[in-house]
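The values are calculated or read from the model by the stated rules, or taken from the named source; none is laboratory data. This structure is a prediction, so every number in the text was calculated from the model and none was measured. So basically every Cβ, Gly included, is an ideal-geometry build from the backbone, and we count neighbours across all protein chains shown. We work out accessible area using only protein heavy atoms, side chains counted, and drop any ligands, DNA or RNA first. Shrake-Rupley method; radii C 1.70, N 1.55, O 1.52, S 1.80 Å.
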Amino acid sequence: MKVLLLYPEFPDTFWSFRHALPFIGKRSAYPPLGLLTVSAMLPPHWERKLVDLNVEELRDKDIAWADVAFLSAMLVQGPSLAQLIARCRKAGLRTVVGGPVTSADNPSYEGADHVVRGEAEGIIEELVSDLEATNARRRYEAAGRADMTRVPPPDLRLARLRRYSSMPIQYSRGCPFSCEFCDVIELFGRNPRTKTADQILTELDQLHGMGWRGSVFVVDDNFVGNRQAIKALLPRITDWMGSRGNPFSLFTQASINLAEDDELLSLMRAARFNKVFIGIETPSAECNRAAGKMQNVKADLLACVRRIQEHGMEVMGGFIVGFDQDPPEIFEKQIDFIREAAIPVSMVGVLIALPNTRLWRRLSEEGRILRQSMGNNTEALLNFIPRMNPDALLAGYRKVLASIYSPSEYFDRAQAMIARLGARPKDRLVFSDYAALFRSFVRQGIIARYRVAYWRFLGKTFFRAPRHLGLAVTLAIMGHHFFILSRRMQSKPTK
């Protein structure tokens, strides 16, 4: 059996970093971990080939080579997924679709021959057997949750590593919290399941052996969901890093209660974690309470952000507008909070009701769902009827983006964050870092309209915190991406 693993294209969003990646000579942020993990579970005698449309084109001869195509996608990849399925169908190639997109009835995969819901580990053997016997069913649904201790390392040999800016690994699935708008607990449950420390070290060994050096993304939706397990893992990673000359820098996603545990913060810093994404959502305690995000209600959000920064880790923040409890002045409050918290990379989006979440169910009962969402919360496309006037909500959202991603405002936040950073491990520089520095000097320091603010930012960093100059250039490059998308958002018609 010859299987073609297809990964659809991401649209141009804040998360795509499409306008930043060319600075470092990369085409996408990281390879498709889900598909590569599925590949590792396929029979050894099956031939396989990966085509990630975010880094390369799908050729007719790739389709002609295959007996079956496996596709995995998130909601936001839906349009590209539909096009891929149609192309395969036209060529007579069977398609199997899985991933988060299949968690709801979604038009993007209607043309697929076989649809898999749930975690692949629970269904892969049956699916493989049926495909080989040519009697595969239209739908498969995994029963229960996967045992993470039996998940194999991803089949990274299929990926063209040099085309990506970071490599992904996964330690756990699930989150102990119950945020109304989040689909993580619907997909993976509230009981975090973890791999063993030996599994993680094996995956790090694999990356190291393949010559990867630089950034590694621990993709867990909440890395600190099981703190006891994490505290046992981190010293093992620290020792592994030290014995190999610290080849990687790590980043992940976590809940705000990370800041409550100084021991955990210190362990993460020692293991070379240099940044963490945190869902802050809103400075309004009432909104967080109504959304079930009690970990944020209990916390002093500004103090928590500062504590993490002072432990040497950059905080990237997720923010939402559009809650039922949002006051008219929420947009100014979001701007003020982001500025005071000194969070350069602030992903602000309009609330969306994702399929099968508590929010979706509540709004459906209230008759407020307008359409199914494609998962892109930066499109200013409402999929439900908000309490706030829709025009006021979208205008306020655009105001937030225009403010926080004006170059002077962004560079001021980056400068303030750098001033707070405590001791952090020195980043390991590779060739692409020096190439990025040169491209940044030319494109941002000479060509860009914001070049004065750019040089002022780098100059202050050089004289006040020279050890963070590399970080400053990285933030400047990321800012370029945000500036472009923010300007485009201002010009889009209200939908």
### Task
Go through segment 29-67 and give me each residue that's without any contact (Cβ under 8 Å) to a residue 40 or more places away in the chain and under 26 Å from the mean Cα position of the chain (by Cα).
L35, E57
### Task
Please specify each residue of segment 355-379 satisfying the condition of being within 27 Å of E314 (Cβ to Cβ) and either part of a helix (DSSP H, G or I) or open to solvent by 20 Å² or more (accessible area, probe 1.4 Å) (or both).
G375, N376, N377, E379
### Task
Scan segment 126-143 residue by residue and report those that are free of Cβ contacts under 8 Å to residues at least 60 places away in the same chain, open to solvent by 50 Å² or more (accessible area, probe 1.4 Å) and out of contact with any strand residue (DSSP E or B) (no Cβ under 6 Å at 6 or more places or on another chain).
E126, S129, A133, T134, N135, R137, R138, A143
### Task
Can you confirm whether segment 381-392 contains a residue that is basic (K, R), assigned to a helix (DSSP H, G or I) and at pLDDT 95 or above?
no
### Task
May I ask you to verify whether A299 is part of a loop (DSSP other than H, G, I, E, B) and of a type in the set (A, V, I, L, M)?
yes
### Candidate set: segment 207-249, residues that are under 22 Å from the mean Cα position of the chain (by Cα) and of a type in the set (S, T, N, Q); chosen: the one farthest from Y30 (Cα to Cα)
N226
### Query
Can you name every residue in segment 24-52 that is open to solvent by less than 10 Å² (accessible area, probe 1.4 Å) and closer than 21 Å to F277 by Cβ?
P31, P32
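So in segment 80-120, with the set limited to residues that are among the basic types (K, R) and in a helix (DSSP H, G or I), which one is nearest to V68 (Cα to Cα)? Spell out how you get there, then give the answer.
Of the residues in segment 80-120, the ones among the basic types (K, R) are 87, 89-90, 94, 117.
Those left that are additionally in a helix (DSSP H, G or I): 87, 89-90.
Details: R87: 13, R89: 11, K90: 13 Å.
Filtering segment 80-120 for residues that are among the basic types (K, R) and in a helix (DSSP H, G or I), the one nearest to V68 (Cα to Cα) comes out as R89.
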### Query
Looking at this structure, is R157 more than 25 Å from D198 (Cα to Cα), open to solvent by 60 Å² or more (accessible area, probe 1.4 Å) and modelled with pLDDT of 95 or more?
no
### Query
Which number in (1) open to solvent by 70 Å² or more (accessible area, probe 1.4 Å); (2) in contact (Cβ under 8 Å) with a residue 24 or more places away in the chain marks the one condition that A91 misses?
(1)
### Query
Got at least one residue in segment 77-84 being within 24 Å of P11 (Cα to Cα), of a type in the set (S, T, N, Q) and open to solvent by less than 10 Å² (accessible area, probe 1.4 Å)?
yes
### Task
Taking only segment 1-23 into account, find how many residues are within 28 Å of A64 (Cα to Cα), open to solvent by less than 10 Å² (accessible area, probe 1.4 Å) and not in a loop (DSSP other than H, G, I, E, B).
4
### Residue in segment 61-76 that is farthest from A133 (Cα to Cα), counting only those that are modelled with pLDDT of 95 or more and part of a helix (DSSP H, G or I)
K61
### Selected residue (only one of E314, E310, E281 is surrounded by fewer than 16 Cβ atoms within 10 Å (Cβ to Cβ) and in contact (Cβ under 8 Å) with a residue 24 or more places away in the chain)
E310
